[in-house]
C-alpha cells in the first residue's frame, strides 16, 4: 500500500546547532560506519550480505530481492511487520558473542523508539524525525527478515548496528507513532536502509543534494543524509518526500502486520453472586500474516493494561493479568477462540464491575482491536442476597454473540458441563463456535 503523506507545516528557522547532549553517540565517536564487515561476531551469511551490498551498483539500493537472488536469505512472504526484534546488549555487558551475551527480545515499535533519539537529533523538526524513524525501522526489519546479523541476535545495541538505549523521549516517540508501519521499499521489497550524518552532494548513491553542496562528507555517504533531512524539512518537505529521495527508485509502503485481529464474538454472564463461576469466551479472526498458538498469543486485561482482575481464578488463569491463551493453533484468516473461567469476587453490597480485555503476545506486544473493544459490565451480588426472590434480570442470560447457545435450561446445563470440565484444566468451551 502506498503511503499518502500530508504536507508539512510552515518551515522553521534552522538553529545554530544541536546541544551537546543531543549528539548521537555515533557522531561523538567520529562517525564510525555501521555494519563493519570485519566484525568477527557476524554470521557468515551476514558478512556475505554486507559484501554484496557494498559491491552493489550505486544507481539503485540493495534490497531483500537482491539478497534472495544470492541465496543468502530464505524465501519469505510479502512484506510484513516484525512483532519483535532480538537485540544483543553488548554495549551493556561487553560480551564478544551474541550467544554468550545478553540478548533482549524487544517489541519492534519499542525498539524503534529506543533508537531514534540516539541516532538522530531529537530537537530537529518533526518531519526530520519522522524520516529518521522510517529509515531506522526499515534497516531493522531488513535484518530481521534476513535472519539476523549475529548467530543469536538480529542486531546489537552499538554503532556496529543502530545505537539502542532504554530511554525514550516524547518528541521522538511521536515521530515513531506518526509513521507506524511505514517502510522504504523498491518493487515491494525492503531496502537496505543505510544512513549517515553528512552525505555531501552528490551522495554515494548519486543523488543530487543541492542543500548539502560544499559540505564535507561525515560517515559513509550512503542512503539517508541525516543533516539533509533537517535541511529539506526546513524547506517545507515532508518525510514522505524526504525518505524516497535518498534511495533511487524507492517508495514508501505500509506493511501488513504480522499480528492483526478483528473481534468476531464473545459471551459472558451479566449477573453473578459472590463465589459463582462462569465460563466466558472471546473469538477473534486472525487478520495477520502469522499463525497464533497457545504459547504465544493470549488475552490480557486492559483498562488499564495489565490490571489485576478481581475475577481471577488461580487454577485456571495464567496470572491475574492474563486469563488465557488461544485454545488452539489458528492460521491467518481463521477464527480463534479464547475461553476461561471467572470467579465472582466477595462483595458486601451489590457491586458493578467493568472488565476489559484485549490480545497480547507472550512478549507483551498488544495488537488487534482497541483496548475497550471488549468491555463487560458485570453485577455481583453478595452471598444470600435475593435468595427468596429468585434470580434477577439477566441472571441466567448470557451476554454476547453466541449462536445456538443462550439462556434457559439448555444453556445452564451446558454451562454446568463446561464448568465441570474446567476443574483441573485451564480452558473449556461454553457454547458452540458460531
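The values are calculated or read from the model by the stated rules, or taken from the named source; none is laboratory data. Owing to the predicted nature of the structure, the values given are computational and were not obtained by experimental measurement. Backbone-built Cβ (ideal geometry, glycine too); neighbour counts: all protein chains shown.
Got at least one residue in segment 397-414 being assigned to a loop (DSSP other than H, G, I, E, B), crowded, with 18+ Cβ neighbours inside 10 Å, at pLDDT 85 or above and touching a strand residue (DSSP E or B) at 6+ places or on another chain (Cβ under 9 Å)?
no
Among the residues of segment 304-320, is any on the phi < 0 side of the Ramachandran plot, modelled with pLDDT of 95 or more, under 25 Å from the mean Cα position of the chain (by Cα) and not in a loop (DSSP other than H, G, I, E, B)?
Within segment 304-320, one or more residues are on the phi < 0 side of the Ramachandran plot, modelled with pLDDT of 95 or more, under 25 Å from the mean Cα position of the chain (by Cα) and not in a loop (DSSP other than H, G, I, E, B).
Would segment 335-342 turn up any residue that is assigned by TED's automatic domain parsing to the domain that holds residue 367 and outside any strand (DSSP E or B)?
no
Hey, among 276, 287, which residue is modelled with pLDDT of 90 or more and surrounded by fewer than 23 Cβ atoms within 10 Å (Cβ to Cβ)?
Every option except 276 fails the conditions.
Identify all residues within segment 237-251 that are buried (at least 19 other Cβ atoms within 10 Å of the Cβ) and not in a helix (DSSP H, G or I); write none if there are none.
237, 246, 247, 250
Can you pull out every residue in segment 219-236 that is modelled with pLDDT of 90 or more and in a loop (DSSP other than H, G, I, E, B)?
235, 236
So if I check each of 370, 385, 325, which one is at pLDDT 60 or above, out of contact with any helix residue (DSSP H, G or I) (no Cβ under 6 Å at 6 or more places or on another chain) and surrounded by 18 or more Cβ atoms within 10 Å (Cβ to Cβ)?
Values: 370 fails: surrounded by 18 or more Cβ atoms within 10 Å (Cβ to Cβ); 385 fails: surrounded by 18 or more Cβ atoms within 10 Å (Cβ to Cβ).
Of 370, 385, 325, the one residue that is at pLDDT 60 or above, out of contact with any helix residue (DSSP H, G or I) (no Cβ under 6 Å at 6 or more places or on another chain) and surrounded by 18 or more Cβ atoms within 10 Å (Cβ to Cβ) is 325.
Read through the list (1) at pLDDT below 85; (2) over 30 Å from residue 202 (Cβ atoms); (3) surrounded by fewer than 18 Cβ atoms within 10 Å (Cβ to Cβ), then give the number of the only condition that residue 81 fails.
Only one criterion in (1) at pLDDT below 85; (2) over 30 Å from residue 202 (Cβ atoms); (3) surrounded by fewer than 18 Cβ atoms within 10 Å (Cβ to Cβ) is unmet by residue 81, namely (3).
Results for (1) touching a residue at least 60 places away in the same chain (Cβ under 8 Å); (2) within 25 Å of residue 30 (Cβ to Cβ); (3) touching a helix residue (DSSP H, G or I) at 6+ places or on another chain (Cβ under 8 Å), shown as yes or no for each residue.
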| residue | (1), (2), (3) |
| --- | --- |
| 109 | yes, no, yes |
| 119 | yes, yes, yes |
| 127 | yes, no, yes |
| 154 | yes, no, yes |
| 164 | yes, yes, yes |
| 168 | no, no, yes |
| 171 | no, no, yes |
| 174 | no, no, yes |
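Evaluate segment 181-201: report whether one residue or more is out of contact with any strand residue (DSSP E or B) (no Cβ under 8 Å at 6 or more places or on another chain) and touching a residue at least 60 places away in the same chain (Cβ under 8 Å).
Checked against the condition, which is being out of contact with any strand residue (DSSP E or B) (no Cβ under 8 Å at 6 or more places or on another chain) and touching a residue at least 60 places away in the same chain (Cβ under 8 Å), segment 181-201 yields no hits at all.
Within the group 100, 180, 135, 175, which residue is part of a loop (DSSP other than H, G, I, E, B) and within 17 Å of residue 240 (Cα to Cα)?
Numbers: 100 fails: within 17 Å of residue 240 (Cα to Cα); 135 fails: part of a loop (DSSP other than H, G, I, E, B); 175 fails: part of a loop (DSSP other than H, G, I, E, B).
Every option except 180 fails the conditions.
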